[in-house]
Amino acid sequence: MTDPHADTIAAYQAAAATYAAGTTAVPESVARDLDDFAGRVAGGRVLEIGSGPGRDARELEARGLVVRRTDITPAFVELMRADGFDADLLDPLVDDLGGPWDGVWINAVLMHVAREDVPVLFARLHAATRAGGTMYLSLQEGDGASWIARGHVADARHFTFWREQPLRDALEAAGWRVGVLRRSVTASGTWLDTFCERNGEERS
């Protein structure tokens, strides 16, 4: 493995159809967080980072939200478009995020972002979200980083794990206030499910 970013995208690209077929069910913990998020954003406009095949976007729309679907993997964008939805190929570290958004939804995506890039992403999302807006993120708890082949993707993907305090520190440094952080346990490990509010202060 030579390029964690490119090789992880390639792994999803090769397995997009299999991944879509294997992830249609909504886990109980995700359904809980979808309900919580929809209550906080209440009919607002949402930017989703890493929509994949679009499961969560459909769930968010069923709860009354308007969702901009995005993904960095071309095959996922093509699948969403084939299902009749607008979807954008987007690298959230460099591309225009639009906005201002009422909410941002990032479920099981940030563990594929290099640790040093996560603060940059948090700052960019802060700039694209209205004051008082809500960001939800879920990422896997742990230490270090690793190549892992598991689940519905045959090729290894690069995962970066986070502990609670460094995650809180990165969010707060970018202008987010952590409201709720709770853990959910799945077969793949423990996840940090986090709701943040964008503060109203201008960042210098």
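Cα centroids of the stretch 112-130 and the stretch 1-75: 17 Å apart. Of the residues L79, T2, A14, the one whose Cα sits farthest toward the positive end of the charge dipole of the chain, with +1 on the Cβ of Lys and Arg and -1 on the Cβ of Asp and Glu, is L79.
3J(HN,Hα) along the stretch 146-159: 7, 8, 9, 10, 7, x, 9, 10, 6, 7, 5, 10, 8, 10 Hz, from the Karplus curve 6.51 cos²θ - 1.76 cosθ + 1.60 with θ = phi - 60°, whole Hz, x for Gly and Pro. V185 sits among other residues whose Cβ lies under 13 Å from its own Cβ, and their net charge, with Lys and Arg +1 and Asp and Glu -1, is -1.
Taking the Cβ of each residue in R163, R63 as the centre, tally the other Cβ atoms inside 10 Å and list the residues starting with the fewest.
R163, R63
For M80, the shell of other residues with beta-carbons less than 15 Å away shows a net charge of -4, using +1 for Lys and Arg and -1 for Asp and Glu. Is the shape of the stretch 129-190 best called rounded, prolate or oblate, per the rule: a/c under 1.5 gives rounded, else a/b larger than b/c gives prolate, else oblate, with a ≥ b ≥ c the square roots of the Cα gyration tensor eigenvalues? It comes out prolate by the Cα gyration axes. What does the charge count around C196 come to, taking other residues whose C-beta lies under 10 Å from its C-beta (Lys +1, Arg +1, Asp -1, Glu -1)? Summing Lys and Arg as +1 and Asp and Glu as -1 gives +1.
Take each peptide in 76-89, 138-151, count the other Cβ atoms within 10 Å of every residue, and average; sorted highest first, the result is 76-89, 138-151. Summing Cβ point charges (Lys, Arg +1; Asp, Glu -1) relative to the Cα centre of the stretch 45-182 gives a dipole of roughly 380 debye.
Residues in the stretch 71-81 carry Karplus couplings, in order, of 7, 8, 9, x, 5, 5, 4, 5, 4, 5, 5 Hz; the curve used is 6.51 cos²θ - 1.76 cosθ + 1.60 with θ = phi - 60°, and Gly or Pro positions show x. Taking amide H atoms as placed 1.01 Å from N in the peptide plane, the amide H of R69 lies under 5 Å from those of D88, each 5 or more residues away in sequence or on another chain. Applying the Karplus relation 6.51 cos²θ - 1.76 cosθ + 1.60 with θ = phi - 60° to the stretch 54-67 yields 3J(HN,Hα) values of x, 4, 5, 4, 4, 5, 5, 5, 5, 9, x, 9, 9, 10 Hz, where x marks Gly and Pro.
Our estimate of slack between W147 and A31, defined as 0.36 nm per intervening residue step minus the Cα-Cα distance, is 38.9 nm. From its DSSP helices (H runs of at least four residues, each -39,500 (n - 2.57)), the chain gives a residue-normalised ellipticity at 222 nm of -10500 deg cm²/dmol. Legend: ranking of residues T24, T134, T160, T190 from fewest to most surrounding C-beta atoms inside 10 Å; resulting order T24, T190, T160, T134.
Values quoted throughout were computed directly from the atomic coordinates according to the rules given, and no laboratory measurement underlies them. No experiment lies behind these values; they were computed from the predicted model shown. Cβ: placed from backbone, ideal geometry, glycine included. Neighbour counts: every protein chain shown.
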